[in-house]
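Contents: one structure, followed by commentary.
The values are calculated or read from the model by the stated rules, or taken from the named source; none is laboratory data. Please read all numbers here as calculations on a predicted model, not as lab measurements. Note that each Cβ is placed from the backbone with ideal geometry, even for glycine, and that neighbours are counted across all protein chains shown. SASA here: full protein model, heavy atoms, side chains in, ligands and nucleic acids out. Shrake-Rupley method; radii C 1.70, N 1.55, O 1.52, S 1.80 Å.
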Amino acid sequence: MTAFQSFMAAALIEARAAGARGEVPVGAVIVRDGEIIAAAGNRTRALHDPTAHAEVLAIRAACQAAGSERLVGHDLYVTLEPCAMCAGAIAAARLARVYYGAADPKSGGVAHGARVFAHPQCHHAPEVYDGIGAEAAEALLRGFFADRRS
C-alpha cells in the first residue's frame with residue numbers, strides 16, 4: 001500500500017491562475033495512479049459559459065485523455081466544495097474520490113445544499129474527503145472577494 005499523496009497544491013496553482021484572470025479562484029486536478037491527468041481553473045467569464053467551472057473543465061479534459069466518459073479509478077482534487085452541477089458531473093463521470101479544500105455553505109452541493117451524493121437518484125457516490133488544504137483555499141477566496149469589494 002502506498003502512502004497518501006495530496007495533489008491539492010496543484011489545484012491551488014490552478015485556482016491562483018484563475019484568480020489572476022479575474023475568475024473566481026477555484027482550481028481542480030484529476031489524478032490517476034499518482035499522476036495528474038487534467039488540470040483546470042474556473043473559466044466562466046473567459047468562455048462566457050456558466051458551466052465552465054474548474055471541476056467540469058478538468059472532467060472534460062480527463063475524459064478526452066482517457067478516451068471515455070467514465071473516470072473509474074480517478075481522483076478529483078478541488079479547492080472549493082463542488083456545487084450541485086459539478087457534483088452531478090462527478091457522479092456521472094464515476095470519479096472514485098473527491099478531495100476538496102474550503103467548504104461552501106452558500107453554494108456547495110456535497111456537504112451543504114443539495115447534497116447530491118446522498119440522493120437516492122445519484123447513481124454513483126464517490127468517497128469524499130473535505131478540508132484538504134482548506135486554509136489556503138479559504139484565504140485565496142477571501143482575498144479575491146475582499147479585493148472586489150474595495
Count - residues of segment 33-57 that are open to solvent by 20 Å² or more (accessible area, probe 1.4 Å), closer than 17 Å to residue 8 by Cα and more than 10 Å from the chain's Cα centre (by Cα): 5
Taking segment 64-84 and the residues there that are among the hydrophobic types (A, V, I, L, M, F, W, C) and over 11 Å from the mean Cα position of the chain (by Cα), the one that is surrounded by the most Cβ atoms within 10 Å (Cβ to Cβ) would be 71
Considering only segment 85-122, how many residues are farther than 16 Å from residue 42 by Cα, open to solvent by 60 Å² or more (accessible area, probe 1.4 Å) and within 12 Å of the chain's Cα centre (by Cα)? 1
Report yes if residue 60 is charged (D, E, K, R) and either open to solvent by less than 20 Å² (accessible area, probe 1.4 Å) or part of a loop (DSSP other than H, G, I, E, B) (or both), otherwise no. no
Find all pairs meeting these conditions: Cβ atoms under 7 angstrom apart; at least six residues apart or on different chains; first residue within segment 38-55 and touching a residue at least 60 places away in the same chain (Cβ under 8 Å); second residue buried (at least 18 other Cβ atoms within 10 Å of the Cβ) and part of a loop (DSSP other than H, G, I, E, B). none
Of the residues that sit in segment 16-27 and are closer than 11 Å to residue 144 by Cα and in a helix (DSSP H, G or I), which one is most open to solvent (accessible area, probe 1.4 Å)? 16
